[in-house]
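The values are calculated or read from the model by the stated rules, or taken from the named source; none is laboratory data. Note that the coordinates shown come from a computational prediction; the quantities given were computed from them, not determined experimentally. Every residue, glycine as well, gets a Cβ built from its backbone with ideal geometry; the counts of neighbours run over all protein chains shown. Note: accessible area is taken over every heavy atom of the protein model, side chains too, but ligands, DNA and RNA are not part of it. Shrake-Rupley method; radii C 1.70, N 1.55, O 1.52, S 1.80 Å.
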Amino acid sequence: MTLQSDQAGQADQADQTGQAEQCGQREPVAQHAPGSGVDRIAALVRDADPGAGWAVGGADGPDAVVEAGERDAVPDLGGLAGVLVVWPVIGMLVDAGELALHTPLTAYGAGDGLPAGTTAHHLLTHGSGVSPALTGLAERLCGSPLAGYAAERIWGPLGMTGTGFAADGTLRAPAADLGRFLSHLLAPAGGPVSGAWTAQSLRIRTGELLPARGLLWHPGAHGSWSHGDGPALWISPRGRRWAALLPTTPSAPLRTAFREAVFA
């Protein structure tokens, strides 16, 4: 797989995009390694949702990246803000010893309006997603708004130059950036998200309670862990594999078929 940051790849991509636009259309930007076994995945997504973006790969980077097909569109990834913004920042705070997951939020001056004794661990394993209390806790401890902190400490070091919050407050990122993030989780040496934090998060943290959950990640089939019901990310430390799907419209059948095609 040639990363989209590769200069030669960018030149070829620009050439192909220009030719398509001269014909009055813009096709999804796609790159994949010859013989990488992604043709079946590409056909699956193309048939179900031609405008969807997606990417698959491993610790060494992407095997395939297909950006969303709509002109100038960078997908709204609000449903992934938990793992792209809050989760890595919480991990940095835990690694630095500035946050203990089982200490009540009130010890940090946070958690107003929540039941007594509520901890960061409670919020990270809650099924309804990232709560304002968790965001507020992270911002209080890191001393700045999460958008700027994540851009400086997470996205920038990983080369996620297309990721950021738009003027309307929505989080947007191309599929290639999601690949950079997920590849880093499988090969974290020297990067912003530690292997220890990822390992803590990708294990059952809810005991015998159902549904089982990790820390903002949910266990799934074939050793994979996922986050998101519309735009979605998967990672499998056991299989050394990851995937991202950015549908134009959320589709449970496509989500399941895509996961099976990547990890089964």
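What accessible surface, in Å², does a 1.4 Å probe find on residue 181, ignoring ligands, DNA and RNA and rounding to the nearest 10?
0
Using label points projected 7 Å from each Cα along Cα→Cβ, tell me how many nm separate residue 222 and residue 60, to one decimal.
Modelled inter-label distance: 1.9 nm.
Ignoring ligands, DNA and RNA, how do 135, 163, 106 rank by accessible area with a 1.4 Å probe, largest first?
Details: 135 40, 163 20, 106 100 Å².
From most exposed to least exposed: 106, 135, 163.
Starting from the amide H of residue 164, placed 1.01 Å from N in the peptide plane, find each other amide H under 5 Å away whose residue is 5 or more places distant or on another chain.
Excluding prolines and chain starts, which carry no amide H, the hits are 172.
At 1.4 Å probe radius, can you tell me the per residue accessible area of region 84-189 in Å²? The partial results should precede the final answer.
Working: 4360 Å² over 106 residues.
Heavy-atom accessible area per residue stands at 41 Å².
Where the centre of each part is set by its Cα atoms, how far does region 137-160 sit from region 64-104, in angstrom?
First find each Cα centre; the distance between them is then 10 Å.
First compute the accessible area of region 74-194 with a 1.4 Å probe, then give the percent of it belonging to carbon and sulfur atoms.
Numbers: 2680 of 4830 Å².
In region 74-194, the share of accessible area belonging to carbon and sulfur is 56 percent.
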